[in-house]
Amino acid sequence: MKILAIDSTAIVASSAVCEIENGAVGRYCLFTLKNGMTHSENLLPLVDGALTAGGYDLSAIDLIAVSAGPGSFTGVRIGVATVKGLAYSGDKPVCGVSTLDALYRNIAGMAEVICPIMDARRHQFYNAVFVNGVKVTPDRCAAFENIYAELKAIGKKVLLCGDGAPLFKSLCPDDGDIILPPVTCTDQNAVSVALCGYDAFINGKALKQNVLQPIYLRASQAERTLSERNNKDK
């Protein structure tokens with residue numbers, strides 16, 4: 001199965017074309033960029049690069065997968081809109097996957113307890129917890145203090161990943177139980193998005209492109225600002 005996958009939910013933009021059979025990745029071509037450019041500028045060139053360098057044509061793609069959130073509101077919207085546009089012309093099935101699930105796949109099996117974590121700003125983090133390969137929490141947005149207390153209560157070493165991992169680690173008062181993976185495993189990787197998309201597809205969760213929606217775990221900054229202004233006016 002040939003899967004085109006993209007992730008633009010954080011500062012990294014990543015696109016890959018993967019051939020996956022029975023859950024195993026065979027051939028793949030991965031383009032990832034972390035250079036401060038906006039995703040509206042670099043995402044389509046990354047997609048084209050992965051297709052061209054891998055020797056694929058969009059018409060040969062069986063499924064398009066995207067990290068649909070949580071993450072940067074702008075980045076999530078760009079990723080979802082790009083996938084909708086790519087899927088429309090060929091009526092390709094699409095799968096929107098959790099960014100946190102895809103981050104977990106980067107380091108699955110490397111530790112008993114894994115916590116993908118993303119900087120949600122305003123002293124909060126998007127996060128989820130996996131224990132022995134099982135997701136034991138939903139995707140959520142929470143304050144550092146709440147997440148830290150929960151991780152410490154597990155009583156085991158916790159391996160972090162995601163763009164929020166270095167910041168979260170820096171806030172921890174101890175160094176022993178909460179650890180970081182190699183830098184190459186920390187950021188978003190579109191191959192992991194493809195694997196999550198494959199799992200969703202075989203479990204009957206593929207969608208028509210017009211049904212795909214972003215995953216937001218809280219109101220946008222503009223919505224929060226408007227709400228605060230309205231509350232002050234009352």
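The values are calculated or read from the model by the stated rules, or taken from the named source; none is laboratory data. All of these numbers come straight from a predicted model, not from anything done at the bench. Here Cβ is always computed from backbone atoms with ideal geometry, including for glycine, and neighbour counts include all displayed protein chains. Only protein heavy atoms, including side chains, enter the accessible area calculation; ligands, DNA and RNA are left aside. Shrake-Rupley method; radii C 1.70, N 1.55, O 1.52, S 1.80 Å.
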* Can you run down the residue pairs with Cβ atoms below 8 Å, 6 or more apart or on separate chains, where the first is in segment 170-192 and under 27 Å from Val76 (Cβ atoms) and among the polar types (S, T, N, Q) and the partner is in a loop (DSSP other than H, G, I, E, B) and open to solvent by 20 Å² or more (accessible area, probe 1.4 Å)? => Thr186/Asp163; Thr186/Leu180; Gln188/Asp163
* Asked: Filtering segment 86-103 down to residues that are more than 27 Å from Thr186 (Cβ to Cβ) and not in a helix (DSSP H, G or I), which residue is most open to solvent (accessible area, probe 1.4 Å)?
  -> Asp91
* Look at Gly162 and say whether it is open to solvent by less than 60 Å² (accessible area, probe 1.4 Å), touching a Cys at 6+ places or on another chain (Cβ under 8 Å), at pLDDT 95 or above and within 22 Å of Leu43 (Cβ to Cβ). => no
* Could you tell me whether any residue of segment 65-79 is at pLDDT below 95, open to solvent by 60 Å² or more (accessible area, probe 1.4 Å) and hydroxyl-bearing (Ser, Thr, Tyr)? => yes
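Just checking: which of the strands (runs of 3 or more DSSP E) contained wholly in segment 1-46 hold 2 or more residues that are touching a residue at least 40 places away in the same chain (Cβ under 8 Å) and open to solvent by 50 Å² or more (accessible area, probe 1.4 Å)? Talk me through it step by step, then tell me what you get.
Values: elements: 2-7, 13-21, 24-33.
Result: 24-33.
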* Report the residue count in segment 170-186 for those that are surrounded by 15 or more Cβ atoms within 10 Å (Cβ to Cβ) and in a helix (DSSP H, G or I). => 1
* **Checking Gly204 against (1) modelled with pLDDT of 95 or more; (2) open to solvent by 60 Å² or more (accessible area, probe 1.4 Å); (3) within 21 Å of Cys95 (Cα to Cα); (4) not in a loop (DSSP other than H, G, I, E, B), the condition it does not meet** => (4)
